[in-house]
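This report refers to the structure that appears directly beneath it.
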Amino acid sequence: MRHFLTLKDYTKEEILEIIDLGLTIKKELKSGERKPYLSNKTLAMIFEKSSTRTRVSFEAGMFQLGGHGLFLSNRDIHLGRGEPVKDTARVISSMCDMVMIRTFAHSMLEEFAEYSQVPVINGLTDSYHPVQLLADYMTMVENNKSDNIVAAYIGDGNNMTHSWMMLAAKLGFELRIATPHAYEVDADVRAEAEAIAKESGAKLIFTNSPHEAVAGATVVTTDTWASMGQEDEKEERITAFGGFIVDEALMAEADSNAIFLHCLPAYRGQEVSEGVLEGTQSVVFEEAENRLHAQKGLMVWLDQQR
Ligand code: CP
Ligand code: NVA
């Protein structure tokens with residue numbers, strides 16, 4: 001049995017297998033075929049943070065696969081009132097076939113997985129958002145941007161950045177990360193990603209210059225400056241991130257055929273301009289839709305490993 005907590009635990013071949021499976025199931029869906037790969041199976045979805053895409057894609061995805069998604073907010077279950085994670089894990093995993101969790105500390109997810117009898121999927125923690133990267137990579141494949149990748153991430157060194165680092169390190173591509181001073185990526189995650197990159201031949205470049213990162217890039221991406229849980233820091237972050245907006249001028253420094261990705265939700269006028277988000281290079285709504293398809297691939301793949 002496998003969990004899906006970070007891309008760190010997955011080989012390049014496995015990541016590509018999951019994407020391929022997702023693309024196959026997407027093709028079937030688009031031609032009107034909904035095969036019941038997960039007939040009568042139940043996915044418990046625990047949300048300790050808000051969500052639009054993750055909730056809808058997992059719940060709709062599970063239904064399309066012939067199964068059922070169970071939405072559990074921490075306002076409704078005893079986890080939110082202090083029932084221990086290890087007790088919750090043993091109870092829920094004795095009744096359901098898979099669990100998806102969106103939470104704060106990554107260690108909560110790891111503890112849940114340790115006590116779970118069924119596969120646990122990371123639906124976002126403070127440290128990583130790996131399911132988003134499956135959708136991002138699927139979108140790159142579909143837009144012919146999966147060869148000779150030079151990706152530029154502009155903005156906060158956060159859960160999205162860490163997941164981009166792991167994807168680049170595993171698949172062996174060039175990733176340039178531009179963050180303001182004091183908003184750099186986590187040092188331990190960087191060391192881990194650099195060790196993996198050494199083996200795969202990936203190039204991880206860290207800079208404080210968005211211009212250096214974006215020069216000639218084939219994929220440009222960013223994320224909110226204030227992640228969920230950082231609401232109190234919003235004002236100081238807006239000041240610190242001045243100059244880190246992906247606008248038309250910065251985008252013009254990338255490869256002329258570059259695509260723009262954003263996990264969403266986006267804050268227009270902060271990390272991205274209206275013009276770039278709504279522009280011809282932006283594939284953010286294909287990317288959002290691919291959350292559905294990539295995660296269906298993931299759930300079927302995890303089920304096949306049991
Ligand atoms: N990108 C993403 O995970 O979106 P939600 O927060 O809406 O799930
Ligand atoms: N970094 C963002 C991603 C949202 C999908 C957050 O954690 O809020």
Inside the range 64-132, counting only strands (runs of 3 or more DSSP E) that do not spill past its ends, which hold 2 or more residues that are within 16 Å of ligand 1 (Cβ to nearest atom) and surrounded by fewer than 16 Cβ atoms within 10 Å (Cβ to Cβ)? none
Determine which single condition residue 291 fails, assuming it passes every other condition in (1) over 18 Å from the mean Cα position of the chain (by Cα); (2) buried (at least 21 other Cβ atoms within 10 Å of the Cβ); (3) basic (Lys, Arg). (1)
Turns out the helices (runs of 4 or more DSSP H) fully within the range 205-306 with at least 3 residues that are polar (S, T, N, Q) are 284-304
How many residues are touching a helix residue (DSSP H, G or I) at 6+ places or on another chain (Cβ under 8 Å) and over 19 Å from residue 142 (Cβ atoms) when one looks only at the range 278-299? 1
I need the full set of residues from the range 251-265 which are within 16 Å of ligand 2 (Cβ to nearest atom) and surrounded by fewer than 21 Cβ atoms within 10 Å (Cβ to Cβ), in order please. 264, 265
Quick check on residue 209: is it touching a residue at least 24 places away in the same chain (Cβ under 8 Å), farther than 16 Å from residue 152 by Cα and hydroxyl-bearing (Ser, Thr, Tyr)? no
Just give me the residues in the range 148-183 being within 16 Å of ligand 1 (Cβ to nearest atom) and of a type in the set (Val, Ile, Thr), in sequence order. 161
Mind checking which pairs have a first residue in the range 45-58 that is farther than 13 Å from residue 100 by Cα and a second that is more than 13 Å from ligand 2 (Cβ to nearest atom), Cβ under 9 Å, 6 or more apart or different chains? 53/292
Test set (1) within 16 Å of ligand 1 (Cβ to nearest atom); (2) touching a helix residue (DSSP H, G or I) at 6+ places or on another chain (Cβ under 7 Å) - residue 56 fails condition number: (2)
Residue 31 more than 15 Å from the chain's Cα centre (by Cα) and at pLDDT 95 or above: yes
Anything in the range 189-199 that is away from ligand 2 (no atom under 16 Å from the Cβ) and in contact with a helix residue (DSSP H, G or I) (Cβ under 6 Å, 6 or more places away or on another chain)? List them, or say none. 193, 196, 197
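The values are calculated or read from the model by the stated rules, or taken from the named source; none is laboratory data. Just so you know, these numbers come straight off a predicted model, no measurement behind them. Note: ideal-geometry Cβ built from the backbone for every residue, glycine included; neighbour counts use all protein chains shown.
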